[in-house]
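Everything on this sheet refers to the single structure shown next.
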Amino acid sequence: MSARAMTARRPVRRHVRRVAVSIVIVGLILALILGLALLAPWIAPADPTRQVLMMRLKPPGTLAANGQLYLLGTDDLGRDLLSRILFGAQVSLAVATLSVLVSTLVGVALGMIAAWLRGWVEVAIMRLVDIMLSIPAVLLAVLTVAVLGPGFFKLILVLGLTRWPRYTRVAYGQTLQVANLPYIKASELAGAGSARILLRHVLPNIAGPLLIIVTAEFGLMILFEAGLSFLGLGIQPPAPSWGSIMSVGRQYVERAWWIVAFPGGCLFLLVFSVNVMGDWLRDRLDPRFRAR
Amino acid sequence: MTDLDAVLEVRDVAVHFAARGGLFGGTPAPVKAVDGIDLTIGAGETLGLVGESGCGKSTLSNAIVGLVPPTSGSIRVRGHEVAGASRAALHALRRNVQMIFQDPVLSLDPRSTVGAAIAEPLAVRGVARGRVLKDKVDALLAQVGLEAEHAGRYPHQFSGGQRQRIVIARALALEPALVVCDEPVSALDVSVRAQILNLLVDLQRRMGVSYLFVSHDLAVVRHIADRVAVMYLGRIVEQAPRDVFFAATKHPYARALMSAVPEADPVAQRAKRRTILSGELPSPSNAPPGCAFHTRCPLATDVCSRERPRLTPRPDGALVACHHA
């Protein structure tokens, strides 16, 4: 406790009152997507993998002979698109969240360590970053999957471990800047160890730019998952993910626009909301932008 | 050699920074930021360290608090060696040496509350925790003229002068024997300078702390220092008790500094003979031989470029490093 006891935030209510309408809307969208994804097994109208070949490529609103309504239409194998999107949301959200988490942890830790320790550690880490960035990420992912084999957790590992260099670059540059400031020296003089200085004083002060990358990468990860799934290296069919639905739908875009349009729209809403939320959170985390 | 009363003893300290070699070999000369300095500060004493920017004042301060390792020489705080001390030894030593930085905006972490900043040295060392810690922080805030309720606020909610008060409270939290003040008032408005200086003097009287007061402002040094040392290119050229120094400055460089201080009385100001130095401060990686100042000195003769003058005592108690003054 000790020092933390004194960092007690002011009452929460004061913050809530100042929240802008856009943040409320964006928050509701995120909550809705998350809620629908979690509730998919109960609210989905059909089994997302059940094929009805008679009902291939039916437009949204089609009513089947057995009374089933295909609210968002069907895909190329006659599967209910709404159900696939609902279940696909689970996969896409999980892959994006977990892979961003992995790459943030690895990338930020390495960047801060490189900038803090300098010397050969810095050279080793930052040259590795250069090497990683010079190899096309897809190639690296394909190679890794080829060695490890496909699978949900392997996919997260692959995405997480190929995307960390971006975080490292930013964390490294920001840490270099902050590490020479007098308040860091003052903490050193106060007797704080490296771990405490990095976590308590450096990390909060470099969190803003990092958060921007996190939100940008979040959307990218969903698309990456789609790309890898399309290549047969990610989520294995028939399991749905937004990415795999879209990559299949791409082939039929002239005859059945809905297969791409609906998951695409969901993806847009999700990424947009995450970005707006990220910007807001960055400002919120900075005491200088809080109410005076 | 060891003076038991001395809080700080600096003996022949040098700090050289190795310059990075070029692509085609050849090691450039090291930058001699500090090149052989002796200083002593007694208990409850204030030594004013004066010199132009680039003369090594800040490097010397950083070496004294252990942020920069000295290349050679000995730095003793209360008899304990700082130079070459292990991490654990440095950690222990820093209870006795703290620092106040020039820029109060950059001296406080914008993301942690004032209370947390002041509590950090106490919390990290396990001096106090919980309720006791909070009381200590409140007491420290009161000591520098702030309220207990300020502990929950963030640095950006304070003015420059108030922030410097917070920095002072943090520096004094561990009740150090020596506080190195690196230009503590030069970033402040003139109107709050006097307040901060008086606060420092007041705290010194109450706690018996010693100050190494680094400044380029002679008026400020005259106000606060018991003794004055003038640095030029990594060396001390003159050291004297304050009154002796301001009554009769001897070294030609110190005189030039003195003559640059404007006089409040316009008649006296016009009558004043100003010594204007020509030329730039030579590079500390390529200091002139002999007396480092001879390239700009109005009194320089042949001997100055050959022999480095030693600091020698004068009858009135001053120490001066000059062949002619």
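The values are calculated or read from the model by the stated rules, or taken from the named source; none is laboratory data. Just so we're clear, the structure is a prediction, and the values are computed from it rather than from any experiment. Methodologically, a virtual Cβ is constructed for each residue, glycine included, from the backbone with ideal geometry; neighbour enumeration extends over all protein chains shown. The area values use the complete protein model at the heavy-atom level, side chains included, leaving out ligands, DNA and RNA. Shrake-Rupley method; radii C 1.70, N 1.55, O 1.52, S 1.80 Å.
Using the C-alpha gyration tensor of the stretch A:12-289, what are the square roots of 5 times its eigenvalues, in whole angstrom, with the largest one first?
Its equivalent ellipsoid spans semi-axes of 42, 24, 13 Å.
Please build a GNM for chain A, connecting alpha carbons under 10 Å apart, and tell me which residue among A:GLU225, A:GLU188, A:GLU122 fluctuates the most.
The residue with the greatest mean-square fluctuation here is A:GLU188.
Using the charge dipole of the protein assembly as shown (Lys, Arg: +1 at Cβ; Asp, Glu: -1 at Cβ; taken about the Cα centre), state which of A:LEU57, A:PRO45, A:LEU281 has its Cα farthest towards the positive end.
Ranked along the dipole, the leading option is A:PRO45.
First select every other residue whose beta carbon is under 14 angstrom from the beta carbon of A:PRO59; then total the charges, Lys and Arg +1, Asp and Glu -1.
Once all neighbours under 14 Å are counted, the net charge is -1.
Among bridges DSSP assigns within the protein assembly as shown, what percent are antiparallel (round to 5)?
Here the antiparallel bridges make up roughly 60 percent for the protein assembly as shown.
If packing is taken as the mean number of other Cβ atoms within 10 Å per residue, what is the order of A:279-287, B:115-123, highest first?
Highest mean packing first, the order is B:115-123, A:279-287.
Provide the gained length on full extension for the span B:ASP316 to B:VAL201, in nm with one decimal, where the gain is 0.36 nm per separating residue minus the Cα-Cα distance.
38.8 nm
Report the full-extension gain for the segment A:LEU223 to A:ILE43: residue separation times 0.36 nm, less the Cα-Cα distance, to one decimal in nm.
Full-extension gain reported as 62.3 nm.
Determine which aspartates and glutamates satisfy two conditions relative to A:LYS185: a Cα distance under 19 Å, and not lying fewer than 8 residues away in the same chain.
Partners within reach: B:ASP103, B:ASP109, B:GLU120, B:GLU175, B:ASP182, B:GLU183.
Please state the charge dipole magnitude for the stretch B:138-295, taken about the Cα centre, from unit charges on C-beta atoms (+1 on K and R, -1 on D and E), reported in debye and rounded to the nearest 20.
In total the dipole reaches around 500 debye.
For chain B, what does the helix formula give at 222 nm: sum of -39500 (n - 2.57) over DSSP H segments with n ≥ 4, over the residue count, nearest 500 deg cm²/dmol?
-9000 deg cm²/dmol
Compute log10 of I(q)/I(0) for the protein assembly as shown with the Debye formula, placing one identical point scatterer on every Cα and leaving out solvent, at q = 0.11 Å⁻¹, to two decimals.
For the requested q values the scattering log ratios are -1.07.
Jot down the per residue volume, in cubic angstrom and as a whole number, of the convex hull over the alpha-carbon atoms of chain B.
165 Å³
Evaluate peptide B:113-121: per residue, the Cβ atoms of other protein chains within 10 Å of its Cβ; return the mean as an integer.
Mean shielding count: 6.
Return the FRET efficiency for the residue pair A:VAL21, B:ASP243: r is the Cβ-Cβ distance, R0 is 56 Å, and the value is rounded to the nearest 0.05.
0.25
For the stretch B:251-325, what percent of Cα pairs sit more than 22 Å apart?
The proportion of pairs with Cα distances above 22 Å equals 34 percent.
About its Cα centre, what dipole magnitude does chain B give when the only charges are +1 on Lys and Arg Cβ and -1 on Asp and Glu Cβ, stated in debye to the nearest 20?
For this selection, approximately 280 debye.
The stretch B:86-132 to the stretch B:176-237: how many Å between their Cα centroids?
Their Cα centres are 21 Å away from one another.
Tally Lys and Arg at +1 and Asp and Glu at -1 over the other residues with C-beta under 12 Å from the C-beta of A:ALA141: what net charge comes out?
+1
Quantify, in whole percent, the carbon and sulfur part of the accessible surface of the stretch A:12-289 (1.4 Å probe; protein heavy atoms only).
Exposed carbon and sulfur together represent 71 percent of the surface.
Could you state the accessible area per residue of the protein assembly as shown in Å², with a 1.4 Å probe and every protein chain left in place?
Accessible area per residue, the protein assembly as shown: 47 Å².
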